[in-house]
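Notes for the one structure printed next.
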Amino acid sequence: MRFQFKGDYTFKDLVCLNRVARKRFQPLNRWVLLPLILVAGTLCTIGGIALLLDGSLPLNTYLFPLILGPLFLLLALFSDRFNALTTRRLMVNRNQEREVILEEDSFTEHASSGTTTCPYGAVYAVILCRERYFLFMNKRQAHVLSRQALVQGEWEQLGDFLKEKCGKPVITVK
């Protein structure tokens, strides 16, 4: 059985990749840091509005919390998108056509910057999220296999194929 994927990483692929990595491999970020930023943003915004309604204080007293609060809220709510933009900018081979071929003994990724061949035993985790499989090589490196990029093979058989070849269960993340 052989599967082939063609195409570049989309922005949605990178957002989903960052969301999966945060949920699976960064529990401190997920359970402590993001809620802390949300609370700080909410308190700054509420405090700035309260100072604004008081009216007796100078402008610079309530302007800082009114600016800082919404910025914290935006940072917490859209952190996956900001991380995806950063990931896209830091990618070595961005905007390059790539091709991933899953064969019986290994998988190969071809790009204009070079070719990478990895045995299935080197896969750290296999994760399914929103019609994308992520083959994590470690906690910070993954190959994205999206349904849209599939040009050869059946999507329904891919999960069983990866489970069999990698020897790891396919973890589903929403």
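The single residue among GLY7, GLY69 that is in contact (Cβ under 8 Å) with a residue 24 or more places away in the chain and at positive phi turns out to be GLY7. Filtering segment 93-123 to residues that are of a type in the set (Ser, Thr, Tyr) and without any contact (Cβ under 8 Å) to a residue 40 or more places away in the chain leaves SER106, THR108, SER112, SER113, THR115, THR116, THR117.
Remark: pairs (first residue in segment 143-157, touching a residue at least 40 places away in the same chain (Cβ under 8 Å); second residue of a type in the set (Gly, Ala, Ser); Cβ separation under 6 Å; 6+ apart in sequence or on different chains) = ALA149/GLY7. When only residues in segment 134-173 that are in a loop (DSSP other than H, G, I, E, B) and among the charged types (D, E, K, R) count, which is farthest from ARG98 (Cα to Cα)? The residue in question is LYS168. Evaluate the following for GLU131: is it touching a Lys or Arg at 6+ places or on another chain (Cβ under 6 Å) and surrounded by 15 or more Cβ atoms within 10 Å (Cβ to Cβ)? Taking the combined requirement at face value, the residue does not satisfy it. Applying the criterion of being more than 14 Å from the chain's Cα centre (by Cα) and among the β-branched types (Val, Ile, Thr) to the residues of segment 134-171, the residue that is surrounded by the fewest Cβ atoms within 10 Å (Cβ to Cβ) is VAL151.
Every read-out reported here was derived from the displayed coordinates using simple, explicitly stated rules and does not represent laboratory data. This structure is a prediction, so every number in the text was calculated from the model and none was measured. All Cβ positions, even for glycine, are placed from backbone atoms using ideal geometry, and neighbour counts span all protein chains on display.
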